[in-house]
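Structure, as structure tokens:
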There are 4 protein chains.
Amino acid sequence: MSHNTFGHLFRVTTWGESHGPAIGCVIDGCPPLIPLTEADIQGYLDKRKPGQSKFTTQRREPDQVKILSGVMVDDDGIQKTTGTPISLMIENTDQRSKDYSEIKERYRPGHADFTYDAKYGIRDYRGGGRSSARETAMRVAAGAVARKVVPGVQVRGALVQIGPHRINRDNWDWAEIDNNPFFCPDKEAAAFWADYLDGIRKKGSSIGAVIEVVADGVPVGLGAPIYAKLDQDIASLLMSINAVKGVEIGNGFEAAELTGEENADEMRLGANNQPVFLSNNAGGVLGGISSGEPVIARFAVKPTSSILTPRQSITKSGEEVDVMTKGRHDPCVGIRAVPVGEAMVACALADHYLRHRGQVG
Amino acid sequence: MSHNTFGHLFRVTTWGESHGPAIGCVIDGCPPLIPLTEADIQGYLDKRKPGQSKFTTQRREPDQVKILSGVMVDDDGIQKTTGTPISLMIENTDQRSKDYSEIKERYRPGHADFTYDAKYGIRDYRGGGRSSARETAMRVAAGAVARKVVPGVQVRGALVQIGPHRINRDNWDWAEIDNNPFFCPDKEAAAFWADYLDGIRKKGSSIGAVIEVVADGVPVGLGAPIYAKLDQDIASLLMSINAVKGVEIGNGFEAAELTGEENADEMRLGANNQPVFLSNNAGGVLGGISSGEPVIARFAVKPTSSILTPRQSITKSGEEVDVMTKGRHDPCVGIRAVPVGEAMVACALADHYLRHRGQVG
Amino acid sequence: MSHNTFGHLFRVTTWGESHGPAIGCVIDGCPPLIPLTEADIQGYLDKRKPGQSKFTTQRREPDQVKILSGVMVDDDGIQKTTGTPISLMIENTDQRSKDYSEIKERYRPGHADFTYDAKYGIRDYRGGGRSSARETAMRVAAGAVARKVVPGVQVRGALVQIGPHRINRDNWDWAEIDNNPFFCPDKEAAAFWADYLDGIRKKGSSIGAVIEVVADGVPVGLGAPIYAKLDQDIASLLMSINAVKGVEIGNGFEAAELTGEENADEMRLGANNQPVFLSNNAGGVLGGISSGEPVIARFAVKPTSSILTPRQSITKSGEEVDVMTKGRHDPCVGIRAVPVGEAMVACALADHYLRHRGQVG
Amino acid sequence: MSHNTFGHLFRVTTWGESHGPAIGCVIDGCPPLIPLTEADIQGYLDKRKPGQSKFTTQRREPDQVKILSGVMVDDDGIQKTTGTPISLMIENTDQRSKDYSEIKERYRPGHADFTYDAKYGIRDYRGGGRSSARETAMRVAAGAVARKVVPGVQVRGALVQIGPHRINRDNWDWAEIDNNPFFCPDKEAAAFWADYLDGIRKKGSSIGAVIEVVADGVPVGLGAPIYAKLDQDIASLLMSINAVKGVEIGNGFEAAELTGEENADEMRLGANNQPVFLSNNAGGVLGGISSGEPVIARFAVKPTSSILTPRQSITKSGEEVDVMTKGRHDPCVGIRAVPVGEAMVACALADHYLRHRGQVG
């Protein structure tokens, strides 16, 4: 079973492999009359782009997005969405004629090689096929459009943990995000990580990470009590990102250790007698529906499976081998997962914004 | 937006509130010719049933399930599914004529009261409407049918943490699950928890918990590389359970702290030259597709929001109040979430089993 | 493959067989705060109810609908939808202990007996299982709710042809619909049909029919240019009704015989400079989107397959037999299809009204 | 509401406007290991291609399809599907810099101009946007892939009526289809039509048509009793084609005029005691499920709305005008609808083949 679409009203279908001529996506259900240019999307893609520091893969893709449909320049010269499907495409330019003969036969531990072959009986070993992280470029592109659908929403992500090393949350400063190659909001942690990760990289090893995504300005009322909970759909999309092994909303697993008294987010009346929450353990979602507080989600990314140390494995034809993955790779794939996580949250919000408007608006 | 269906080929739609005449579900897409009686379902419902110990709500519902459609007795006298929708219903019998005037106006912290009212403008305050945990009875019922769809699969859940107290995994014994009111696989932990939770209960407090679900006998190949990952759909369904704030697959958030060398599940050839994995950090899912190893998922449940200690809140009409929830409630809702989590995993497996059979079978 | 749900935002799932304990449906996605009682639905069910004249089956079902969920009495004493799933149920009361041994083995020509057995390997021969027209009662019930979703819309159906005998469209008078047992808007035709159909009935024969459904007050803009055309979804739902073999929108097949000049619906400005169409060959839908003109759909219903004249067939076990269907049946199933067709159009309009409001509203 | 996807397991999403850089589609759910090259698709596209005779638009598009993803050359040098999304694209090459100022303001009768503007508030007047028949190229491309999914199936279409002139069914010869520019199976009718349509063309007029699609070799058991009837899904897809106003299955509207005795398809045992039907009024579908007989569907296409004779209309800004459509157009769009209708039937069959295999296989 292949299934490459997500969303109910704001629907995104992605396609393409890293070693085909291009990758792309179709965004269906975007409302009309939203200003949209390639530059709006390109900015987010550039954040995710590989090869920007020694901590991300040296594969160099310019990743220039093209809008192939769904927009039109109006009488005022402004390019806007027309309400029809928006087709986005990025041509693959960096397809080195590499020797894949080893990967073709050998199942790399931690990769989808074995399960892919077992399922489909055919596998695009050149770069991982659909399991390649390259697919996430289209998620970022779709997320750029999604951000424009919900008025006033701001979705930002940060790396909050590399290996066992967490940030100090008291140091959190969104302005720091762009000052280091980790999307790290804690200046001190970023400095420490630079050394730590360089050590990992030099050993040809890799390490896991945790990303936190925060959405401010989410209207009250998005989501549903059951089976289309806002947090459920966010969890689903975050878990669909390559290498993700865990997802939390609000205080997440920590909630298991708290009493009801500690965990309750109390309410008072604030300015203009508007309801205010005195804490946000819930992460902005109560009973599946947004509360107006910032929506907070975290996800854990496992260490890159491609490492220099040989690991035991088997071949397609049933022989025992040792596998060592040479070539370019990220010591911490979690870094580049930050803009991807942002995009997934943005898409979930756009979908639920339109659903809410349709049925309860 | 209301949305009360999950699944793509094995689809479940639930309906009903705890204070209406009944709750129920429709299971659509179940294959024909599967033996199915009410007793097959009732056994699982009885596990979830409230009022079985002092640690679960004293609301007493016999929870007798009725099959209203989709089955037929064949020539051999065996009742089997016909491939048509299976309608299940449980009548609500314990609807005490309680005074809801307080709850009607006051937003209980941690509950969906505020967001529900903000979204819909109308709220069934009698027992929480669709946000009531009573809905989970129908998940368990659907799960009982789902278990029969995948040949040879066994799905079992266990409580592995209450508050800060985790089980000792070395003591894990599935046979212990039925020997204590916690679905706890560690005899010693269960004994400790009994005292600990009794203290919580007597104070009118509550505590969170973590549940682990293990599915053995899952065939290789269920799932998809993207947007219908087996682990994604499991995460989605677990996160849709009331009060769940976090989900993990395999080693989950721990993966963030590991190196690629530590995290890799190495492979060798076993008996009959069959592939074997030497570890299962991945939790039985690689690249979104089942590997044949046990599928392992964990989820965190927040503490029951209904507690005796007053919490600050506001009313529907905009006044500040203190809210204290009297009446029956569970000190740890996580306990009753165990069979619900099992059911969600079983449903995800049934859906993907049918999808795999259709497209790659 | 069983699939018992239709609609994207206004979703209806039906369940049940005519010989089980009940039939029912779940309506998911209905907006909150719409006044709704059982009486609102019962009126439409009574129109469809069998046994009302000698021209419809003598099976007597009181067809009393119960609302099991999704409504609540508000502070003003008015029962309203809550935005959660509306579960409707009708108990089956007229299950005579009939001898089905013949039907069990013999494939009735024109019925689904042969294909059902070939597909599922099991068939509820008692009354046709899911292929029974009894299922259409739930469509009518869902349609009653759908009518309340689109403000100001009025959906009415009429029988316009029985066998070769068409109404005279110049005689069309909606007020006549309730004055004859055919839902016929032409008084003279109704009188003629009464004799004609009585002849058919006495011979134990049956005859086909054509139904026309007209929706007035449909807002401009419902539908989509492609794959969710309003007329496409109406055609899909009408074709899903038992025994329907053809569907037309506007002038339908007649359009094949016209020139572009004849077929064009010209436009002028009317009162208040509002656009008016000078004709409605399009049947209220242009390019898949409603134009504000009445939406007009027609569908052909084949003659009842159950007749007294023996027809050649085979048995399940592979023997040649003659089949003659004794017992109660309708000489023209098209009559009772009128309220069903209305309901299908109403459901399509409700779904597209909500979709339009969500994405372009 | 925009919605540009159809199918449940074999899903097709189309995108693009005739005046953008390209049009395309994504086919998701195609099973792996099916040999597939661009040439397999190109052959069907060439049948639909405009400019092949004086009876179809002179717009000249080479319509060269490119496969951008989802295939891979295996070890034997054969390009096969991989089970991942197949992205197809056709670049638009014939975008004359035409003056659209008139069309921009004026609503062409019979076109979607008025409803499009009313719905979206923005309209791609250059060539009709998503309402352009150019979109149907991607349906044909998807149909070419769908044909390969169902083993042994053959789907063929024919024009059976132009204006009031029907073919003589006794003359039906599939071999004639390629001998005339009408896909006409009746040699004599084709000769007559050539003169007739030339007259229409010279007057700048247009005329409607009826197309019949026949699928041979359809396995027994595809479809469902309700809401996923094979004939329902075929009707839905045929009605989604531009300008289609009516759809019939089997004898269609003629069934309304028949008695039960006349309409019944009787059964006998044939060679090897296999069930045979003595007629096929049902068009290969009984109770929504394929019977093994040829699946037969017909659809009516209205006359091209673009004609030289001025028609009354209004402008976007609310003025009364006369509209005359200059430039290239087809005198009978029904001709080019033949391969499109074939493709839609092929796609419905592929989808139901996979669904059947998943749930009842």
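The values are calculated or read from the model by the stated rules, or taken from the named source; none is laboratory data. Fair warning: this is a prediction, and the values are worked out from it, not measured in the lab. Note that each Cβ is placed from the backbone with ideal geometry, even for glycine, and that neighbours are counted across all protein chains shown. For the accessible areas, the whole protein counts, side chains as well, though only heavy atoms, and no ligand, DNA or RNA atoms are used. Shrake-Rupley method; radii C 1.70, N 1.55, O 1.52, S 1.80 Å.
Odds and ends about this structure:
- By the Cα gyration tensor, the protein assembly as shown has an equivalent ellipsoid whose semi-axes, rounded to whole angstrom, run 50, 38, 32 from largest to smallest.
- Take each residue in C:347-360, count the other chain C-beta atoms within 10 Å of its C-beta, and the mean is 6.
- Selected from D:Ala194, D:Ile34, D:Val285, residue furthest toward positive end of dipole (the range D:5-360; charges at beta carbon): D:Ala194
- Given R0 = 60 Å, the distance between the Cβ atoms of A:Tyr100 and B:Lys187 translates into a calculated FRET efficiency of 0.70.
- 20 °C / 1.002 mPa s Stokes-Einstein diffusion coefficient of the range D:150-205, Kirkwood radius on C-alpha pairs, µm²/s: 176
- Relative contact order (%) - criterion: Cα under 8 Å, at least six apart; region: chain B: 22
- Computed over the range C:275-361: relative contact order in percent, which uses C-alpha pairs under 8 Å that are six or more apart: 18
- Neighbouring partner chain Cβ atoms per residue of D:123-132, average, 10 Å criterion: 4
- Net dipole in debye of chain B [+1 Lys, Arg Cβ; -1 Asp, Glu Cβ; about Cα centre; nearest 20]: 1140
- Placing +1 on the Cβ of every Lys and Arg and -1 on the Cβ of every Asp and Glu, with no other charges, gives the protein assembly as shown a dipole of roughly 0 debye about its Cα centre.
- When chain A is treated as a GNM with alpha-carbon contacts under 10 Å, the residue of A:His329, A:His19, A:His165 showing the greatest mean-square fluctuation is A:His165.
- Efficiency of FRET between B:Trp172 and D:Val73 - r from beta-carbon atoms, R0 30 angstrom, step 0.05: 0.05
- Packing-based ranking of A:302-313, C:22-33 yields C:22-33, A:302-313, ordered from highest to lowest mean Cβ neighbour count within 10 Å.
- Dipole of chain B computed with +1 at Lys/Arg Cβ and -1 at Asp/Glu Cβ about the Cα centre; of B:His352, B:Phe55, B:His19, farthest Cα towards the positive end is B:His19.
- 10 Å-binned pair-distance histogram of the range D:243-361 (Cα, whole percent): 10, 26, 26, 18, 12, 6, 2, 0
- All-pairs alpha carbon distance profile, the range B:120-261, 10 Å steps from 0, percent: 9, 29, 38, 20, 5, 0
- The loop-placed chymotrypsin sites (Phe, Trp or Tyr not before Pro) in the range C:266-361, going by DSSP, include none that has at most 14 neighbouring Cβ atoms within 10 Å of its Cβ.
- Where rotation carries D onto C, the chain D residue whose Cβ is nearest that axis, in whole Å: D:Ser236, 2
- Farthest toward the positive end of the dipole of the range D:5-360, out of D:Ala343, D:Pro109, D:Val145, is the Cα of D:Pro109, where the dipole comes from beta carbon charges about the Cα centre.
- Look at the stretch A:275-282: the mean tally of other chain Cβ atoms within 10 Å of its residues' Cβ atoms is 3.
- For C:Asp216, inter-copy label distances in nm, listed shortest first [label point 7 Å out on the Cα-Cβ vector]: 5.1, 5.5, 6.9
- With helices as the sole contributors, the protein assembly as shown gives -7500 deg cm²/dmol at 222 nm; each DSSP H run of n ≥ 4 counts as -39500 (n - 2.57), and the sum is divided by every residue.
- Here the range B:257-315 is assigned +1 on the Cβ of each Lys and Arg and -1 on the Cβ of each Asp and Glu. Its dipole about the Cα centre then comes out at about 500 debye.
- Largest-first ordering by accessible area, 1.4 Å probe, given options B:Asp117, D:Asp170: D:Asp170, B:Asp117
- Inter-copy label distances at D:Ile78, shortest first and taken from points set 7 Å along Cα to Cβ: 3.9, 5.5, 6.7 nm.
- Using alpha carbons only: equivalent-ellipsoid semi-axes of the range B:5-156, gyration tensor based, whole Å: 32, 17, 14
- For the range A:209-338, the relative contact order works out to 34 percent when only alpha carbon pairs closer than 8 Å and six or more residues apart are counted.
- Ascending distances from the C:Thr93 label point to its copies in the other chains, with the point 7 Å along the Cα-to-beta-carbon line: 2.5, 7.2, 7.6 nm.
- Whether the range D:169-238 is rounded, prolate or oblate, judged on the alpha carbon gyration tensor where a/c under 1.5 counts as rounded: oblate
- Over the range D:5-360, equivalent-ellipsoid semi-axes from the Cα gyration tensor in Å: 34, 27, 19
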